[in-house]
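Have a look at the structure below, then the notes.
The values are calculated or read from the model by the stated rules, or taken from the named source; none is laboratory data. The model shown is predicted, which means the values in this text are computed figures rather than measured ones. In this analysis, Cβ positions are derived from the backbone assuming ideal geometry, glycine residues included, and neighbour counts consider all displayed protein chains. Please note that ligands, DNA and RNA were not included when accessible areas were found on the heavy atoms of the full protein model with its side chains. Shrake-Rupley method; radii C 1.70, N 1.55, O 1.52, S 1.80 Å.
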Amino acid sequence: MTNTAKKVSAKIKENLKFHRKNASLTQIQLGILAGLSQDYISHIEQEKNFPSVKALCKIADVLNIEPYELLK
């Protein structure tokens, strides 16, 4: 993984955790509502998985944010 990809992955992790906790959701709850597994959410937050655009959009919809909010 390149340095840029690592930075993006770290930013997604940080923003996902912030918005998920702000919405008072567990990883399990977010996964269910987004149609993704809890393991997938966990792996994003641990920077083990790099989410697809489709997954980012599903997560953002559940969190009532725009997808770019997970990247900035």
**OP:** Taking TYR68 as the residue in question, decide whether it is more than 10 Å from the chain's Cα centre (by Cα) and among the aromatic types (Phe, Trp, Tyr).
**Re:** yes
**OP:** Could you give me the residue pairs with C-beta distances under 7 Å whose first residue belongs to segment 29-49 and is at pLDDT 95 or above, whose second residue is aromatic (Phe, Trp, Tyr) wherever it lies, and which are 6+ apart or on separate chains?
**Re:** GLY31/TYR40
Subject >> Check on LEU16, under 24 Å from MET1 (Cβ atoms) and either within 10 Å of the chain's Cα centre (by Cα) or of a type in the set (Asp, Glu) (or both) >> reply: yes
**OP:** Out of SER9, SER24, report the one residue that is small (Gly, Ala, Ser) and assigned to a helix (DSSP H, G or I).
**Re:** SER9
**OP:** Quickly run through segment 43-72 and pick out the residues that are within 15 Å of LYS11 (Cα to Cα), part of a loop (DSSP other than H, G, I, E, B) and among the hydrophobic types (A, V, I, L, M, F, W, C).
**Re:** PHE50, LEU71
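Looking at segment 32-45, which of its residues are under 10 Å from the mean Cα position of the chain (by Cα) and either small (Gly, Ala, Ser) or open to solvent by 50 Å² or more (accessible area, probe 1.4 Å) (or both)? First the steps, then the outcome.
Initially, segment 32-45 is screened for residues under 10 Å from the mean Cα position of the chain (by Cα), giving 40-45.
The answer is TYR40, SER42, HIS43.
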**OP:** Among residues belonging to segment 51-60 that are in contact (Cβ under 8 Å) with a residue 12 or more places away in the chain and surrounded by 14 or more Cβ atoms within 10 Å (Cβ to Cβ), point out the one that is nearest to THR2 (Cα to Cα).
**Re:** PRO51
